Amino acid sequence: FMAALEKAGILDDTAIVLSSDHGFFLGEWRFYDKRFMHEPSIRVPMAIRYPRLARGGLAPSQMALNIDLSPTVLELAGVKIPDWFQGRSLVPFMKGTSPVSWRKDWLYEYYEYPFFEHVKPHRGVRTDRYKLIHYFLPPQDYELYDLQLDPGDLHNLANDPAHGKLKQQLIDRLAELRRETGDEYENQDPKA
């Protein structure tokens, strides 16, 4: 592919994006799938090559999501980004700058139960440092991780009284994110 672009003389004028739609468990936690909100599943590669705009070696630390790819491609093409898009263009990062405001957290949701791998429906909020997961079908359960101290999601802090205030703040933020994104999926068993 790259050789064909180079032969055509358009390699450096072509934006090339490498990413994935999901991560994948390959034995971590004895899981084999992609549907849980744990780090092996939600972390995906993302690399953009476009020498006309981006110099090599940039590695921003802000959280980018797959929903940011469409607005990025539209901006690169000079097309207006629709106001209703939830994603944001990554072009400022490609230019080596950081937007004044960028996401501090994001919503995750999975509810295709009981199909596929029988993963219990859940939603959560991920910040730079923390992750809260809510399994919302009875019996409801929560998981809370401090990713700075526990990057492997191994020590669930949800039932630790010392983290009660943080847990409630993240529960509240999860509700806000659902409102912001128009998520109206009910907390009920989809089989019913």
Worksheet, complete the sentence: Helix 164-180: inclination vs the chain longest Cα principal axis, degrees, rounded to 10, gives 60 degrees
Worksheet entry | Whole-Hz couplings from phi, Karplus 6.51/-1.76/1.60, listed for region 93-104; x for Gly and Pro | 5, 5, 7, x, 10, 10, x, 4, 10, 9, 4, 9
Worksheet entry | Net lengthening on full extension, ALA8/TRP84 (0.36 nm per residue, minus Cα-Cα) | 23.7 nm
Worksheet item: Just the Cα atoms of region 61-192, one point each, no solvent: what log10 I(q)/I(0) does Debye give at q = 0.18, 0.19, 0.20 Å⁻¹?
Response: -1.10, -1.16, -1.22
Worksheet item: At what distance in nm do the modelled label points of LEU154 and ASP141 sit from each other, each positioned 7 Å from its Cα along Cα→Cβ?
Response: 1.9 nm
Discussion item. Sequence gap at least 6, Cα distance under 8 Å: using those rules, report the relative contact order of the chain to the nearest whole percent.
Written reply: 13 percent
Response to the item:
With 0.36 nm assigned to each residue of separation and the Cα-Cα distance removed, ALA59 to SER19 gains 12.9 nm
Discussion item. More than 14 angstrom separation, counting every C-alpha pair in region 123-192; what % is that?
Written reply: 61 percent
Fill in: Loop-exposed chymotrypsin sites (Phe, Trp or Tyr not before Pro) per DSSP, neighbour cap 12 Cβ within 10 angstrom, longest uninterrupted part of the chain
117-184
Practice prompt. Return one whole number: the accessible area per residue of the chain in Å², for a 1.4 Å probe.
Written response: 62 Å²
Worksheet item: Which percent of the accessible heavy-atom area of region 44-113 goes to carbon and sulfur, probe 1.4 angstrom?
Response: 55 percent
Worksheet item: Taking every eigenvalue of the Cα gyration tensor of region 1-94, multiplying by 5 and rooting it, what semi-axes result, largest first, whole Å?
Response: 28, 18, 12
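The values are calculated or read from the model by the stated rules, or taken from the named source; none is laboratory data. Computed from a predicted structure; not experimentally measured. Cβ coordinates were reconstructed from backbone atoms using ideal geometry, including for glycine residues, and neighbour counts include every protein chain displayed. Accessible surface areas use protein heavy atoms only, side chains included; no ligands, DNA or RNA. Shrake-Rupley method; radii C 1.70, N 1.55, O 1.52, S 1.80 Å.
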